[in-house]
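The values are calculated or read from the model by the stated rules, or taken from the named source; none is laboratory data. All values reported here derive from a predicted model rather than from experimental measurement. Using ideal geometry, Cβ is built from the backbone for each residue, glycine included, and neighbour counts are taken over all protein chains shown.
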Amino acid sequence: MIEIAPGVDLERDVLAHMAFRPDVSAHLKTMDPRLFAPAPMALKAEVDARPPRYRSARLQAWMERQESRLNNIISDRSRLYFMLGHPVRRFSTPCWRPQASMPWWWH
């Protein structure tokens, strides 16, 4: 047993009703009380705040290299525009996509 519901006494409410004695973790944690509330848990902000997790270290290294390369491209483009006297604009998305409002020959 690694977690217990809030307000539950381990000995009185759980172990007294069991025919066997389960292994209880030395670091028994209390479960998140939001699990037992009738309202939605509102986990979106909590999940979005976490750093991304990758399936492997190789994939994480590859993603970090791609992000670094993209940042270098944006930086080089900004420097070039500045040297040429053009206003510096940031990419709105990582890749360019034709818009529906563009003429047919632009796609």
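Are any of the residues in the range 59-79 among the small types (Gly, Ala, Ser), modelled with pLDDT of 80 or more and within 22 Å of the chain's Cα centre (by Cα)? Before you say what the answer is, go through the steps one by one.
Taking the range 59-79 and keeping what is among the small types (Gly, Ala, Ser), we get 61, 68, 75, 78.
Still in the running and modelled with pLDDT of 80 or more: 61, 68.
Adding the requirement that they be within 22 Å of the chain's Cα centre (by Cα) leaves 61, 68.
So far as the range 59-79 goes, yes, one or more of its residues are among the small types (Gly, Ala, Ser), modelled with pLDDT of 80 or more and within 22 Å of the chain's Cα centre (by Cα).
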> Of (1) farther than 30 Å from Glu67 by Cβ; (2) in a loop (DSSP other than H, G, I, E, B); (3) not charged (D, E, K, R), Leu15 satisfies all except one. Which?
Replying inline: (2)
> Using beta carbons and a limit of 8 Å, which pairs, at least six apart or on different chains, have the first residue in the range 1-27 and closer than 24 Å to Ala37 by Cα and touching a residue at least 24 places away in the same chain (Cβ under 8 Å) and the second one among the acidic types (Asp, Glu) and exposed (fewer than 10 other Cβ atoms within 10 Å of the Cβ)?
Replying inline: Met1/Asp23
> Can Val24 be described as out of contact with any Asp or Glu (no Cβ under 9 Å at 6 or more places or on another chain) and not assigned by TED's automatic domain parsing to the domain that holds Pro6?
Replying inline: no
> For the range 6-33, which residues satisfy the criterion of being surrounded by 10 or more Cβ atoms within 10 Å (Cβ to Cβ) and in contact with a Leu (Cβ under 8 Å, 6 or more places away or on another chain)?
Replying inline: Leu10, Val24, Leu28
> Lys44 fails exactly one of the following numbered conditions: (1) modelled with pLDDT of 70 or more; (2) over 30 Å from Asp32 (Cβ atoms); (3) surrounded by fewer than 10 Cβ atoms within 10 Å (Cβ to Cβ); (4) within 26 Å of the chain's Cα centre (by Cα). What is the number of that condition?
Replying inline: (2)
